[in-house]
Amino acid sequence: MIDLLPSAGDEAIIDSVRAYVTAELPVSRFREGARTRGDFDHWNRFAELGWLSGADPAAGVDVVAEMLIFRELGVGLVSPALLATVLAAHLATADGQRRLAAELTQGHRHVALAYHVATANRPNYLYIIDGQADSLFLTGTEGGLALWDAVAAQNRVELHPFDATTSLTGAIVAPGAKPIAAIPSPTLLQRARVLTAAMATGSAETTQKLAVDYAKIRHAFGRPIGSFQAIQHHCANMAMRSETARSQVVFAALCLRENMFEPIFQSAAAALVASDAALENAQTCIQVHGGVGLTFDCEAHYHLKRAHSLRWLWGATAGLCEQLLLPAALYEVQP
């Protein structure tokens, strides 16, 4: 039997990250303006806390611990650049580039997430999320991940993203440019999906709590709206989605760490379940808030937009569904 409940060590990780996110990275910081984008002011602190150290064997941070960290980071909608940097460190380590891996785990370099949006007219076009001018950028490939130097992205144009908590840059991959690190490792792609799903799960749990807390204090017809059956059903459904996402993400992380129970399947399932939970809980949270939910004073807006953004990563919804429909014989464990 696999125990999905957190151990004492897991609880210590959760409490530590949660304390920092609550004090330093509340979602309300996005109302202060664009200067909060990227959370780069906190980067040295991220390194000191060990959030970037998963690729360093001496740090003792395995994929389950990383999953717990990113679940709490999803509560504060921390920049996707942190996820990209952690994954890039794992890629550099697997590729034998120890110096680059050390620079990433020590917080000396940033990595932006990027994904291709190629069309017939622009076959090498991509979007870069929360990237600075000198940031490396990370893309998903059919068989794993690829890390690129900043100069590989040319003709950069600043765009106005749907998720205003991040920056977005359009660029063209330079002709002939090659990744500085890229290996065909499905394990890295599975880790990317699990950690992204963990962020989505943290977001889903947050919007559930926002809805429940509001239902307790908002009164209509002389009593709290939480006493009405329709609101109770909404909150119950949100709790069910959050718990399902949490259980699947924890299970996928354990499968990946122990190399058992078809981790390719489980990571794809985690990405789909958590993505749906984040999106639907944010939508329901806005609905529970009623008129207030239609204003930007309601923090659920930020979670809703981040949920939409995360859905595009690592194969998007259609690609993940295809993974789940493949015959079980294809899910052989790979190094």
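The values are calculated or read from the model by the stated rules, or taken from the named source; none is laboratory data. Source: prediction; values computed, not measured. In this analysis, Cβ positions are derived from the backbone assuming ideal geometry, glycine residues included, and neighbour counts consider all displayed protein chains.
Being outside any helix (DSSP H, G or I) and not polar (S, T, N, Q) is the filter here, so list the residues in the range 243-301 that pass it.
Selection gives Met260, Phe261, Glu262, Phe296, Asp297, Cys298, Glu299.
What are the residues in the range 138-174 that are touching a helix residue (DSSP H, G or I) at 6+ places or on another chain (Cβ under 7 Å) and buried (at least 18 other Cβ atoms within 10 Å of the Cβ), if any?
Matches in the range 138-174: Leu138, Gly140, Gly144, Leu145, Leu147, Asp163, Thr165, Thr166, Ser167, Val173.
Which of the residues spanning the range 116-137 are of a type in the set (A, V, I, L, M), surrounded by fewer than 19 Cβ atoms within 10 Å (Cβ to Cβ) and under 27 Å from His301 (Cα atoms)?
Result: Val117, single match.
Do you know which residues across the range 9-33 are in contact (Cβ under 8 Å) with a residue 40 or more places away in the chain and aromatic (Phe, Trp, Tyr)?
Passing the criteria: only Phe30.
I'm trying to understand the selection: among the residues of the range 151-174, which are part of a loop (DSSP other than H, G, I, E, B) and in contact with a strand residue (DSSP E or B) (Cβ under 6 Å, 6 or more places away or on another chain)? Step through it out loud before you land on a result.
From the range 151-174, those part of a loop (DSSP other than H, G, I, E, B) are 160-167, 174; that's our starting set.
Listed by number, the residues that qualify are Pro161, Thr166, Ala174.
Residues are listed down the side, and each one gets a yes or a no for (1) out of contact with any Ser or Thr (no Cβ under 6 Å at 6 or more places or on another chain); (2) on the phi > 0 side of the Ramachandran plot; (3) touching a residue at least 12 places away in the same chain (Cβ under 8 Å):
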residue	(1), (2), (3)
Ala146	no, no, yes
Ala152	yes, no, yes
Pro161	yes, no, yes
Ser167	yes, no, yes
Gly176	yes, yes, no
Ala181	yes, no, yes
Ser185	yes, no, yes
Leu188	yes, no, yes
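Those residues that are over 15 Å from the mean Cα position of the chain (by Cα) and basic (Lys, Arg), I need them from the range 243-302; list them, please.
Arg257, the sole residue that qualifies.
If a residue has to be at pLDDT below 90 and either within 20 Å of Asp39 (Cα to Cα) or not in a loop (DSSP other than H, G, I, E, B) (or both) to count, how many in the range 112-125 make the cut?
Total meeting the criteria: 2.
Yes/no per residue for (1) without any contact (Cβ under 8 Å) to a residue 60 or more places away in the chain; (2) of a type in the set (Val, Ile, Thr); (3) touching a Leu at 6+ places or on another chain (Cβ under 9 Å):
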| residue | (1), (2), (3) |
| --- | --- |
| Leu77 | no, no, yes |
| Thr85 | yes, yes, yes |
| Ala94 | no, no, yes |
| Arg99 | yes, no, no |
| Val117 | yes, yes, yes |
| Ile128 | yes, yes, yes |
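Starting from the range 199-212, take each residue that is within 12 Å of His301 (Cα to Cα) and among the aliphatic types (A, V, I, L, M) and list its partners that are crowded, with 24+ Cβ neighbours inside 10 Å and modelled with pLDDT of 95 or more, counting only C-beta distances under 8 angstrom and pairs at least six apart or across chains.
Listed pairs, sorted by first residue: Leu210/Cys285.
Suppose we keep only residues that are within 23 Å of Ala278 (Cβ to Cβ) and aromatic (Phe, Trp, Tyr) within the range 30-86. Which one would you say is modelled with the highest pLDDT?
It comes out as Phe70.
Do we have any residue at all in the range 194-211 that's buried (at least 24 other Cβ atoms within 10 Å of the Cβ), over 27 Å from His289 (Cβ atoms), in contact with a Leu (Cβ under 8 Å, 6 or more places away or on another chain) and modelled with pLDDT of 90 or more?
Taking every residue of the range 194-211 in turn, at least one turns out to be buried (at least 24 other Cβ atoms within 10 Å of the Cβ), over 27 Å from His289 (Cβ atoms), in contact with a Leu (Cβ under 8 Å, 6 or more places away or on another chain) and modelled with pLDDT of 90 or more.
Return the only residue of Ser247, Ser267 being under 20 Å from Gly74 (Cβ atoms), surrounded by 21 or more Cβ atoms within 10 Å (Cβ to Cβ) and among the hydroxyl-bearing types (Ser, Thr, Tyr).
Just one listed residue meets the conditions, Ser267.
Would a scan of the range 48-56 turn up a residue that is assigned to a helix (DSSP H, G or I) and among the polar types (S, T, N, Q)?
Filtering the range 48-56 for residues assigned to a helix (DSSP H, G or I) gives 48-49, 53-55.
Filter once more, so that each one left must be among the polar types (S, T, N, Q): 53.
Within the range 48-56, one or more residues are assigned to a helix (DSSP H, G or I) and among the polar types (S, T, N, Q).
How many residues, within the range 175-187, are small (Gly, Ala, Ser), crowded, with 16+ Cβ neighbours inside 10 Å and in a loop (DSSP other than H, G, I, E, B)?
Residues flagged as small (Gly, Ala, Ser), crowded, with 16+ Cβ neighbours inside 10 Å and in a loop (DSSP other than H, G, I, E, B) within the range 175-187 amount to 1.
Just one of Arg18, Arg99, Arg109, Arg31 is outside any helix (DSSP H, G or I), on the phi < 0 side of the Ramachandran plot and among the charged types (D, E, K, R); which is it?
Arg109
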